[in-house]
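What follows is a set of notes on a single structure, which appears directly below.
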Amino acid sequence: MKRNIVQVGDAVLREKAQDIPIESITSAEIQTLIADMQETLSDTKTGVALAAPQVGVSLRLFIVAPRAFEESAEQKRVYINPVITKRSRSTEDMDEGCLSVDGTYGSVRRFEKVTIEAYDETGQKFTRGASGLLAQIFQHEVDHLDGTLYIDKAKTVRDVPKDND
Ligand code: ZN
């Protein structure tokens, strides 16, 4: 079932989200949350990822949309209790937006490459390295779980057409 995407100003976006106990990853509650988030994200025009706090749930979970991947090769789309374990020395300014700050885009300094550790929707732990857009997504989404929005880091923010118009 599609859920409402909360907007900046809602307190849940500023909370530090809680870890999901590994044994409850396969519970109906978490599996329903994941399915609902996937439906919510796929219903957006431009969204490439969504963190649980963006649907009002303060848990450490984010999902990535198939459209974020360049190849159709098997990719992890669900990241539970994610931790960025490595960051490249090099950084770059990336153009970035957020479904919870709809109608804006900004330039944010991001690490070019990161490595993330997380659990998937079956409770299996995995590690992924990423660069470019996927690395940017990992950093943006982990920020969400710590109560940080891209506008906190952006050097400039500009208005763009809203996703939900
Ligand atoms: Zn966001």
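Laboratory data are not the source of any read-out in this text; all were calculated from the coordinates shown. Just so it is clear, the model here is predicted, and its values are computed rather than measured. As a convention, Cβ positions derive from the backbone with ideal geometry for all residues, glycine included, and neighbour counts pool all protein chains shown.
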*In debye, nearest 20, what is the charge dipole magnitude of the chain about its Cα centre with +1 on Lys and Arg Cβ and -1 on Asp and Glu Cβ, if you could check?*
460 debye
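Can you tell me what percent of all Cα-Cα pairs in segment 99-165 are more than 13 Å apart?
That tail contains 71 percent of the Cα-Cα pairs.
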*How large is the convex hull of the Cα atoms of segment 14-104 per residue, expressed in Å³ as a whole number?*
147 Å³
*List the equivalent ellipsoid semi-axes of the chain in whole Å, largest first, each obtained as the square root of 5λ for an eigenvalue λ of the Cα gyration tensor.*
22, 19, 15
*Can you list the lysines whose alpha carbon sits under 26 Å from that of LYS16, skipping same-chain ones fewer than 8 residues off?*
LYS2, LYS76, LYS86, LYS113, LYS125, LYS153, LYS155
*What relative contact order, as a whole-number percentage, does the chain give when Cα pairs under 8 Å and 6 or more residues apart are counted?*
26 percent
*In a shell of Cβ-Cβ distance under 13 Å around HIS144, excluding HIS144 itself, what net charge do Lys and Arg (+1) and Asp and Glu (-1) give?*
-3
*Using helices alone, what [θ] at 222 nm do you get for the chain, with -39,500 (n - 2.57) per DSSP H run of 4 or more residues, divided over all residues and rounded to the nearest 500?*
-6000 deg cm²/dmol
_Estimated inter-spin distance, THR32 and ARG67, nm [label 7 Å along Cα→Cβ]_ = 2.8 nm
*What spacing in nm lies between the two simple spin-label points modelled at GLU39 and ARG128, each 7 Å away from Cα in the Cβ direction?*
2.3 nm
*How would you order 133-140, 116-123 from highest to lowest mean count of nearby Cβ atoms within 10 Å?*
133-140, 116-123
*Points 7 angstrom from Cα along the Cβ direction at SER90 and ALA11: gap in nanometres?*
4.4 nm
